[in-house]
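Read through the structure below, which is laid out as structure tokens, and then see the notes.
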Amino acid sequence: MGPPSAVSPAVLWLALRDIEVNGQVYSSSSGKVARVAFVIG
């Protein structure tokens with residue numbers, strides 16, 4: 001886990017009213033943000 005300062009930009013981005021993101025999982029680490037995908041097959 002990183003410090004809150006590394007995660008807060010992603011939280012603020014997701015809190016914007018114009019963002020149409022729903023039902024997705026994100027990972028924040030080392031100052032980078034990535035969308036997580038679970039692939040079965």
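Only the coordinates and a few stated rules stand behind these numbers; no lab work does. This is a predicted model, so every value here is computed, not measured. Cβ sites come from the backbone with ideal geometry, for glycine too, and all protein chains shown count toward neighbours.
A few comments on the model shown:
- Loop chymotrypsin sites (Phe, Trp or Tyr not before Pro), the chain, which have at most 14 other Cβ atoms in a 10 Å radius of their Cβ (DSSP): Phe38
- Identified option (computed Rg/Rh (Cα atoms, Kirkwood Rh); candidates (1) 1.50; (2) 1.02; (3) 0.99): (2)
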